[in-house]
Structures are given as C-alpha cells and as structure tokens.
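The values are calculated or read from the model by the stated rules, or taken from the named source; none is laboratory data. What you are looking at is a predicted structure, and each value in this text was computed from that prediction instead of being measured. Cβ: placed from backbone, ideal geometry, glycine included. Neighbour counts: every protein chain shown.
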Amino acid sequence: MDDAVPAQLHPELAALLPRLDVPPAREVGLEAARARFAALLADGLAGGPAVDVQQLDDGGRVYRPADARGATVVLLHGGGWTVGSVADYDGLARRLAAALPAVVVSVEYRRAPEHPFPAAVDDAVAATRWALDHAATLGGDPGRVAVAGDSGGGNLAAVVCQQLRDAGGPQPAAQLLLYPNVARGADQPSVAAFGHLPFLTLSDMAWYTRNYVPRGTDLGDPRISPAEGDLSRLPPALVVTAGVDPLHDSGRAYAEALAAAGTSAQWLDEPAMAHGFAHLVALAPAAAAALDRVLARAAALLHAP
C-alpha cells in the first residue's frame, strides 16, 4: 500500500490506511459492511459536543445547540445509500449543530438494497419539506432552512434542491455538499488516481450503485446523477471536495456547473484530505481542522445578512 499512497495525502490520514485496508463490501456482505462502517464512525466521530437531542418517531433526530441563531439544517447521512445511519452520524450532527450553529434534523431515510431508488430520494424530499414546514416549531426561521449531506448524502441533498425547485413551494435557503457523489461514470482522472485507496474504493462505489439502482434504471436520471439535471435557480451552494478522493473531479465540476448556470456556488477544496475526512475527526487532528474550515465557511453562508 505504501507505494500507492499519494504524496499529497496528509500523514495523519496515511497512518490510518492499515486500519482501513479491509476486504471489499461485496465480499463481506451487507450486514458486516454496515457494522464495520458503524464501528469506524463510532471511533472517528467520538467526543462530539453536548447538545440537546430529541428522538423522532421515524428514527430521525433533532439536535439543538444552546443558540441556533434561527438556522435549521437537514442532514442526510452518507454511506452510499446502503450503509450509515442517524446513530452512526450522531457525532457529526452534534458538531454541525454546535459549530454552525443550527438546529440539525438528522434524517433516517430508507436504505438500499432493502429499499432501492427512489426510496431514499422520496424520504429526503419529504424530510426537507417537513423541516421547511416546521422550522418555526423547531425554533428556527422558516426562511433559513438548509440541506446538507456528505458523499451519498450529498447526492441526496443536491437532488432535494432540484426536486423542490421543480415542485414549487418553499425552498431551502442553502445547500452544503460535502464530497458529494453527483455524477455517473468512472472516467474522471481522480477515480483512476485514488479509486484504489480504502477511503472509497472503486469496488465499493460499484457495489453501492448496484445495491441502490434497480437493474435497467437510467443512471442519467437527475435523481441519481444530479449533475445531469437543470442547475439553474437552485439555493446557494457550498461544494466541498477532498483532494485525495475519487469524487474530487466530479464535485469540482458540479460547483463550476452550478455557477455557470447562474446558481451561487462556492467551491472549497481540501487538497490533503481524503474521502470521508469529516467522520475521521477524532482519529486525525488534521481532519478535525479541515472540518472546522468547512463549518466556518458553511456558517458564513447560513448566517449571511
């Protein structure tokens, strides 16, 4: 593995490679893949700040900091639509709530393969609509509800914004897309350069897609590949990419395409970080510092005058 470690990868993340170098998800099976992802996040997101937490009947959670300053964020967790859960992402939700600051609604959407596309999309749209309708009850301003997600959750956040725009009615005030999966295909240079690394392997990317997308479904559907949708008239976006990530090039291209379509879009790149750095913050101080930079930029967007 050492010979294949990119020079730009931060040494603290490089030191985690032996721990992350595990058999592909397709070999270990669904339940084992979910369990080891949960175990990694339990360590990687340990020590989240103390905030008030309310369990919702649908499995979601509401995180309230002492002062949310009127903002609400709908959080759609990552995990390739297949692994990951609200419980796994507890530490990240706490960090978002405290640092942004904002009331965070963490969504327990249905996962594949038990519930393939478009179940997760339908749940993410419904949850964001619920947050928009109940922002005042949650303690926030109905006009300051953002949607956020990382990786597969970033995909869902981008899709939600397109779907709600097309449907009319209330819209999110902003979107935070953290190393999002927004485009089909694997021909970007970053996939070839980094798809062998265990942070996100090409093999696992394919496994996630096979689980999520029913056979015969058009991968160009904007609800799967939002980069192929109409990118105009969308909420202001902060698109964050990791330099050592197969999804780096497609994320950068998405930010550029949003701006070209007239949507306000900021691109924040973390060149020394890898895919998933936001859930490695308790294992690597450099990842924690990178997440701090992301949240500072997101807070400026969320609380802009």
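Brief remarks on what is shown
- Scanning the stretch 206-262 for residues that are within 16 Å of residue 81 (Cβ to Cβ) and assigned to a loop (DSSP other than H, G, I, E, B) yields 213, 214, 215, 217, 219, 221, 222, 223, 224, 225, 247.
- Filter result for residue 131 (surrounded by fewer than 16 Cβ atoms within 10 Å (Cβ to Cβ) and either acidic (Asp, Glu) or closer than 16 Å to residue 75 by Cα (or both)): no
- Residues located in the stretch 48-67, provided they are in a loop (DSSP other than H, G, I, E, B), farther than 17 Å from residue 135 by Cβ and either aliphatic (A, V, I, L, M) or at pLDDT 95 or above (or both): 48, 49, 50, 51, 66
- Candidates 148, 157, 126, 112, filtered to the one that is surrounded by fewer than 22 Cβ atoms within 10 Å (Cβ to Cβ) and either under 23 Å from residue 218 (Cα atoms) or at pLDDT 95 or above (or both): 126
- Residues in the stretch 63-79 that are surrounded by fewer than 21 Cβ atoms within 10 Å (Cβ to Cβ) and aliphatic (A, V, I, L, M): 66 alone.
- The stretch 5-44, residues that are in contact with a His (Cβ under 9 Å, 6 or more places away or on another chain) and over 14 Å from residue 198 (Cα atoms): 41, 44
- In the set (1) out of contact with any Leu (no Cβ under 8 Å at 6 or more places or on another chain); (2) surrounded by 24 or more Cβ atoms within 10 Å (Cβ to Cβ), the condition left unmet by residue 237 is number (1).
- Positions within the stretch 101-130 being under 16 Å from the mean Cα position of the chain (by Cα) and closer than 18 Å to residue 175 by Cβ, in sequence order: 104, 105, 106, 107, 109, 120, 121, 123, 124, 125, 127, 128
- Test for residue 132: is it aliphatic (A, V, I, L, M), within 26 Å of residue 36 (Cβ to Cβ), out of contact with any Cys (no Cβ under 9 Å at 6 or more places or on another chain) and part of a helix (DSSP H, G or I): no
- If you check 255, 290 for being buried (at least 17 other Cβ atoms within 10 Å of the Cβ), modelled with pLDDT of 95 or more and either touching an Asp or Glu at 6+ places or on another chain (Cβ under 8 Å) or basic (Lys, Arg) (or both), only one passes: 290.
- When restricted to residues that are among the acidic types (Asp, Glu) and either in contact with a Leu (Cβ under 7 Å, 6 or more places away or on another chain) or assigned to a helix (DSSP H, G or I) (or both), the stretch 263-305 contains 1.
- The stretch 43-57 residues that are within 13 Å of residue 87 (Cβ to Cβ), paired with ones that are modelled with pLDDT of 95 or more and of a type in the set (Asp, Glu) (beta carbon under 9 Å, 6 or more apart): 45/88; 45/90; 48/90; 53/90; 56/108
- Residues (part of a loop (DSSP other than H, G, I, E, B) and crowded, with 19+ Cβ neighbours inside 10 Å) located in the stretch 17-47: 45
- When we screen 231, 200, 247 for residues that are over 18 Å from the mean Cα position of the chain (by Cα) and not polar (S, T, N, Q), the only hit is 231.
- Residue within the stretch 265-285 that is surrounded by fewer than 17 Cβ atoms within 10 Å (Cβ to Cβ) and either among the small types (Gly, Ala, Ser) or touching a Phe, Trp or Tyr at 6+ places or on another chain (Cβ under 7 Å) (or both) present: no
- Within the stretch 174-186, the residues that satisfy the criterion of being closer than 13 Å to residue 157 by Cβ and in a loop (DSSP other than H, G, I, E, B) are 179, 180, 181, 182.
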